[in-house]
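Visitor: My questions will all concern the structure given below.
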Amino acid sequence: MDFRPLTETERRTLTTALRGNSDRGLALLMDRRDTSFAGTAEEVPDEEVINAIKSVPCHY
Amino acid sequence: MGLLDTEFGKRRLLSVEVPAIEKYNEGRDAEFKIFLNRVGGTLVLSYLLKPCHNIYRLETRLLSSYPTVPPETRVLTPLKHCPHLLEGQTMCLWRQGSTRAVSRWDPAKFTCVFALQAAWRWLVCYEIWHDTGEWPLPEAK
């Protein structure tokens with residue numbers, strides 16, 4: 001695979017989103033068609049839970 | 001308890017795991033859907049994830065001891081060696097002995113789609129690590 005790196009802005013956005021997820025339970029949203037990052041949300045409607053990474057267990 | 005060889009396992013498969021996979025696949029582009037295969041006594045979920053620009057091929061194995069034992073997720077796309085990556089490009093996702101509840105796999109709460117979601121977040125961390133050399137989230141004790 002030819003790895004395409006993140007831009008500075010993308011990296012900053014993703015880092016902030018991950019920390020929000022880890023520190024205060026912010027949901028990371030996956031695009032429902034192709035799984036790409038689609039932003040963050042405080043609240044997720046029931047029908048979108050399958051595309052929201054919120055309470056996923058993880059050791060890091 | 002095996003998903004395929006006990007009544008309890010079969011009930012869990014049909015009432016929890018398969019509906020979760022069907023829900024995940026709804027409205028999803030064909031190439032990004034989960035494909036479920038049986039390999040001996042193991043169920044294997046095959047799928048693609050594209051958290052950012054790069055597309056990764058993965059498989060999550062539900063061993064015969066699943067869901068008591070967490071699923072194993074492996075990245076088939078070649079990666080650079082990085083933190084939280086075990087032999088065979090198996091993702092290190094959970095620490096069952098941890099005192100922190102969110103670090104442990106809980107069979108009462110999670111389905112195989114949670115494993116996919118955890119893999120997605122791991123890949124976001126990997127992409128950031130690839131650029132910076134630092135895993136963006138601290139490791140839990």
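Visitor: Just a yes or no: is a residue in the stretch B:28-41 more than 14 Å from chain A (Cβ to nearest Cβ), in a loop (DSSP other than H, G, I, E, B) and either modelled with pLDDT under 95 or touching a Gly at 6+ places or on another chain (Cβ under 7 Å) (or both)?
Guide: The answer is yes, given that some residue of the stretch B:28-41 is more than 14 Å from chain A (Cβ to nearest Cβ), in a loop (DSSP other than H, G, I, E, B) and either modelled with pLDDT under 95 or touching a Gly at 6+ places or on another chain (Cβ under 7 Å) (or both).
Visitor: Of all residues in the stretch A:21-39, count the ones that are farther than 15 Å from B:Trp122 by Cα and in contact with a strand residue (DSSP E or B) (Cβ under 7 Å, 6 or more places away or on another chain).
Guide: Qualifying residue count for the region: 4.
Visitor: Scanning for something farther than 30 Å from A:Glu47 by Cβ, surrounded by 14 or more Cβ atoms within 10 Å (Cβ to Cβ) and without any contact (Cβ under 8 Å) to a residue 24 or more places away in the chain, does the stretch B:100-111 turn up at least one residue?
Guide: No, every residue in the stretch B:100-111 fails to be farther than 30 Å from A:Glu47 by Cβ, surrounded by 14 or more Cβ atoms within 10 Å (Cβ to Cβ) and without any contact (Cβ under 8 Å) to a residue 24 or more places away in the chain.
Visitor: Let me ask you something else. For the subset of the stretch B:1-32 comprising residues that are more than 16 Å from B:Thr111 (Cα to Cα) and of a type outside the set (Asp, Glu), which member is surrounded by the fewest Cβ atoms within 10 Å (Cβ to Cβ)?
Guide: B:Ala30
Visitor: Scanning the stretch B:8-27 for residues that are more than 18 Å from A:Phe37 (Cα to Cα) and of a type in the set (Gly, Ala, Ser), which turns out nearest to the other protein chains (Cβ to nearest Cβ)?
Guide: This residue is B:Ala20.
Visitor: A further question follows. Restricting the search to the stretch B:43-64, which residues are β-branched (Val, Ile, Thr) and part of a loop (DSSP other than H, G, I, E, B)?
Guide: Within the stretch B:43-64, B:Ile55 is the sole residue that qualifies.
Visitor: Among the residues of chain A satisfying the criterion of being β-branched (Val, Ile, Thr) and in a loop (DSSP other than H, G, I, E, B), which is modelled with the lowest pLDDT?
Guide: Applying the filter and picking the extreme gives A:Val56.
Visitor: Now a separate question. Going by what's in this entry, would B:Lys50 be described as within 20 Å of A:Leu29 (Cβ to Cβ) and among the basic types (Lys, Arg)?
Guide: Answer is yes for this residue.
Visitor: Shifting gears a bit: Just a yes or no: is a residue in the stretch B:65-73 part of a loop (DSSP other than H, G, I, E, B), under 25 Å from B:Leu137 (Cα atoms), facing another protein chain (nearest Cβ under 10 Å) and not aromatic (Phe, Trp, Tyr)?
Guide: yes
Visitor: Residue under question is B:Thr77, and the condition is that it be modelled with pLDDT of 95 or more and either touching a helix residue (DSSP H, G or I) at 6+ places or on another chain (Cβ under 7 Å) or within 11 Å of chain A (Cβ to nearest Cβ) (or both); does it hold?
Guide: Criteria met by B:Thr77.
Visitor: Would a scan of the stretch B:47-58 turn up a residue that is surrounded by fewer than 19 Cβ atoms within 10 Å (Cβ to Cβ) and more than 10 Å from chain A (Cβ to nearest Cβ)?
Guide: No, that holds for no residue.
The values are calculated or read from the model by the stated rules, or taken from the named source; none is laboratory data. On a predicted model such as this, the values are computed, not experimentally measured, just so you know. Here the Cβ is made from the backbone with ideal geometry for all residues, glycine too, and neighbour counts use every protein chain on show.
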